[in-house]
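Presented below is the structure to which this report refers.
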Amino acid sequence: MHEMGIAISIVKIVEESIPESMRDRNVEAVVVEIGRLSTVVPESLRFCFSVTARDSVCKGAELDIIEIPLTLSCRSCSHGWDADEPAFFCPSCDGIDIQINTGRELAVRTIRVADEA
């Protein structure tokens, strides 16, 4: 389950991102973007985050996940489309020069910290 390693990394990123002057405040939420190709199971990541957050600045924080769809385009004819899985042929021209535009993301987008301690 690689979600545990990802959850540990999210907590570490949050801890390193909060300014020293705000470390006494509660982290209320962490927003992450996860692309469809990342093979991350959102429910598993939420569970792992809740476990790893217990003894950190993220204790009690909500993990909001924005799922990013897989979008592809053909470099030959510029046709773009959404997909459920990677494609090896363009549905418009049968070209094979396919580019992945979105779907590989795995990033902490926002950290929301309480106004007061």
(request) Considering only DSSP beta bridges where both residues belong to the range 23-116, give the percentage that are antiparallel (nearest 5). (result) 70 percent
(request) Rounded to whole Hz and in sequence order, give me ³J(HN,Hα) for the range 27-41 from the Karplus expression 6.51 cos²θ - 1.76 cosθ + 1.60, θ = phi - 60°, writing x for Gly and Pro. (result) 7, 8, 7, 10, 9, 10, 9, 10, x, 4, 7, 6, 6, 8, 8
(request) Would you pull out the residues with amide H under 5 Å of ARG25's amide H, same chain only if 5 or more places away, H placed 1.01 Å from N? (result) none
(message) Compute the helix-to-body angle for 3-17: its Cα long axis versus the longest principal axis of the chain, expressed 0 to 90° and rounded to tens.
(response) 60 degrees
(message) Give me the percent relative contact order of the chain, please, defined on Cα pairs under 8 angstrom at least 6 residues apart.
(response) 35 percent
(request) Report the paramagnetic label zone for ARG112: residues of the range 1-38 whose backbone N is under 13 Å from a point 7 Å from Cα along the Cα-to-Cβ axis. (result) 27-32
(request) Collect residues whose amide H, placed 1.01 Å from N in the peptide plane, falls under 5 Å from the amide H of LEU70; neighbours closer than 5 in sequence don't count. (result) ARG36, ALA83
(message) As an exercise, take the mean of 1/r over every pair of distinct alpha carbons in the chain, invert it, and state the Kirkwood radius in angstroms.
(response) 15.8 Å
(message) If the elastic network links every pair of Cα atoms under 10 Å, which of ALA107, ALA29, ALA83 fluctuates the most in the Gaussian network model of the chain?
(response) ALA83
(request) Can you check what the net charge comes to around ASP64, using other residues whose Cβ is under 15 Å from the Cβ of ASP64 (Lys, Arg +1; Asp, Glu -1)? (result) -3
(request) Mind sorting CYS74, CYS58 by how few other Cβ atoms lie within 10 Å of their own Cβ, fewest first? (result) CYS74, CYS58
(request) Give the angle, between 0 and 90 degrees and rounded to the nearest 10, that separates the Cα long axis of helix 42-53 from the longest principal axis of the Cα atoms of the chain. (result) 30 degrees
(request) Identify unpaired cysteines across the chain, taking unpaired to mean no other cysteine Cβ lies under 4.7 Å from the residue's Cβ. (result) CYS48, CYS58
(request) Mind listing the long-range amide H neighbours of LEU106? Cut-off is under 5 Å, sequence gap 5 or more, other chains count too, H placed in the peptide plane at 1.01 Å from N. (result) GLY35
(request) Sum up the charges of everything whose Cβ sits under 15 Å from the Cβ of SER50, counting Lys and Arg as +1 and Asp and Glu as -1, but leave SER50 out. (result) -3
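No lab work stands behind these numbers, since they all come straight from the coordinates. Nothing here was measured: the structure is a model prediction, and the numbers come from that model. Quick reminder, even Gly has a Cβ in these numbers, built from the backbone with ideal geometry, and neighbours come from all protein chains shown.
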